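See below for the structure under consideration.
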Amino acid sequence: MLKKLLTAFLVLSLVFVLAGCGSDGDTADGGNEAADAQEQEVVEWTFAHEEVQGSVQDRYAQKFKEEIEELTDGAVNVKVYPVGQLGDGANQVELLQNGAIQLGINNPGSVGTLVPETNLFSLHFLLPADMDKAHELVNDSEAMDMLNQKYLDANMKVLGWFPEGYQMWTGNKAITSPEDFDGFKIRTMASPVISESYKAYGADPTPIPYMEVYSSLQLNMIDGQVNPIFAIEEMKFYEVQDYMMLSNQAIFVGTFVANDMFWDSLSDERRAKVQEAADAANDYILGAQKDLNNTRLESIKENSDMEIVELTEEQRSAFKEASQPVRDFYVEQYGEDAGKILDQLLKDVEAIQQ
Ligand code: 6CS
C-alpha cells in the first residue's frame, strides 16, 4: 500500500515538474516545421536507473547524457536519477511505463512482471561465456528482435541492451556444489525464474529490495546474495560476507528503454540522435564494465579478507546440469511466445559461437 502511494505521489510530482519543463509532448513530427520547432525548444528529460552513482548503469546514463546534450547543442537536458531517488527498480519501471519519466535502465528482474518473456535472462548458463559475444548477441539477433517487440507491447521502446558483468555468489560459507546450497538462504531479485533456478540447486531464494541487502546480510537474515563484482564492491557486501564464488552462472543484463509515447512524440531527426547517443553509450559501456569489474575485484582482494573461490569447470558443470529443467519451467510459466524466443535465442547463441 505504502509503495503504491509512493508511486502515485512520484507520478503526480513528476507530471507537474515535466509540465513546466516543455517536454517533447505533442509535437509529433508532422512535417519540417514541427521538427524544426522541436529541435530548438529546450527540454529536460528524466532518466532513472537502478544502481548507485559510479555504477555500470550510472556510467551508461552519464555517457548517454553527455552524447545527447552535445548532439542537440544543449536543446536537450538530461537529469539522471540513481536508485533510491525515484524509488527502487520496480517503482522506476512503473514511472517509465506510465510516462511519468522518459528514459530508464531496468533489468529482467524489475521488468519481468510486465514483460514476462524477458525472464529468460534469469536462466543460468544461457548466454555465451565470452562477454564480447554476449554483448553482440543481446544487441543484434533475431531472438532479441522478438523480445524487443514484447517491450513495445508493454509501452517501452528498447534503445539498447548491455551485459553488466558475470553474476557471482557471495556467502557466509563456500559454495562449490549444488549440495552446498542445501537450505542456504540466498537473496535474489524478485522473479519466479530466479527463484526456480536457486530451488533447483536446493537453496532457499529470498527476494529482498537491492537497498536492503547489506543490512539483511549484516543481521544474518540471509546467508548470501548474487550480483556482479562491481555491485558487490560498491554496495560493500564484501564487508558482511566471508566468501565470494567466481561462479559465472549467468550474465547480468541491463536494458535502456524510453517510454513509447515519448518516443513516438519525437521528430525523426531527434529520434535518430537519441539512438545515436544510445549506441555511443552502448559501445562505451562494454569496455567500461569490464574495467570496473576487474578493478573492483582487485580492490576487494586488497581491502577485505573475503575469500575468493574460483569454481572449476567440473564444479560449474554440476550447476549447469541442475539448472536445465528451469528452461521448461520458463516455457510452462510464460507460454508459446516465450518458448519461441528461448528456442531462437539458443539458435542465435550457437550461431555466434561458431
Ligand atoms: O540485485 C539487484 O537488485 C540489483 N543489481 C544490480 C547490479 N543492478 C540493479 C539491481 O536492482
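Against the list (1) within 23 Å of M144 (Cβ to Cβ); (2) touching a Leu at 6+ places or on another chain (Cβ under 7 Å); (3) surrounded by fewer than 18 Cβ atoms within 10 Å (Cβ to Cβ), the condition L246 fails is (1). Candidates are the residues of segment 210-228 that are surrounded by 17 or more Cβ atoms within 10 Å (Cβ to Cβ) and outside any strand (DSSP E or B); the one that is nearest to the ligand (Cβ to nearest atom) is Y210. The combined condition, being within 15 Å of the ligand (Cβ to nearest atom) and under 16 Å from the mean Cα position of the chain (by Cα), is not fulfilled by E117.
When Q275 is tested against (1) surrounded by 22 or more Cβ atoms within 10 Å (Cβ to Cβ); (2) among the polar types (S, T, N, Q); (3) out of contact with any helix residue (DSSP H, G or I) (no Cβ under 7 Å at 6 or more places or on another chain), exactly one condition is not met: (1). If the condition is being part of a helix (DSSP H, G or I) and either at pLDDT below 95 or within 16 Å of the ligand (Cβ to nearest atom) (or both), then segment 136-169 contributes only V138. Residues that are over 22 Å from F125 (Cβ atoms) number at least 2 in the following helices (runs of 4 or more DSSP H) confined to segment 241-354: 260-265, 268-303, 325-352.
Only residues that are out of contact with any Phe, Trp or Tyr (no Cβ under 6 Å at 6 or more places or on another chain) and within 15 Å of the ligand (Cβ to nearest atom) were counted in segment 96-111, giving 7. Suppose we keep only residues that are in a loop (DSSP other than H, G, I, E, B) and within 16 Å of the ligand (Cβ to nearest atom) within segment 42-78. Which one would you say is surrounded by the most Cβ atoms within 10 Å (Cβ to Cβ)? Top of the filtered list is H49. Among the residues of segment 241-260, are any more than 12 Å from the ligand (Cβ to nearest atom) and free of Cβ contacts under 8 Å to residues at least 40 places away in the same chain? The answer is no, given that none of the residues of segment 241-260 is more than 12 Å from the ligand (Cβ to nearest atom) and free of Cβ contacts under 8 Å to residues at least 40 places away in the same chain.
Here is the figure for segment 170-193: residues that are under 19 Å from M244 (Cβ atoms), in contact (Cβ under 8 Å) with a residue 12 or more places away in the chain and either away from the ligand (no atom under 14 Å from the Cβ) or in contact with a Ser or Thr (Cβ under 6 Å, 6 or more places away or on another chain) (or both) total 12. Filtering segment 70-98 to residues that are within 28 Å of P108 (Cα to Cα) and of a type in the set (S, T, N, Q) leaves N77, Q85, N91, Q92, Q97, N98. Scanning segment 226-242 for residues that are of a type outside the set (A, V, I, L, M, F, W, C) and under 20 Å from the mean Cα position of the chain (by Cα) returns N227, P228, E233, E234, K236. Residues of segment 194-209 that are part of a strand (DSSP E or B), within 15 Å of the ligand (Cβ to nearest atom) and either in contact (Cβ under 8 Å) with a residue 40 or more places away in the chain or surrounded by fewer than 21 Cβ atoms within 10 Å (Cβ to Cβ) (or both): T206, P207. Is one or more of the residues making up segment 79-91 surrounded by fewer than 24 Cβ atoms within 10 Å (Cβ to Cβ), in a loop (DSSP other than H, G, I, E, B), of a type outside the set (F, W, Y) and more than 16 Å from the ligand (Cβ to nearest atom)? No, that holds for no residue.
The values are calculated or read from the model by the stated rules, or taken from the named source; none is laboratory data. Treat the numbers as computed from the prediction; the structure is a model and nothing was measured. Reconstructed Cβ throughout: ideal geometry from the backbone, glycine too, with neighbour counts over all protein chains shown.
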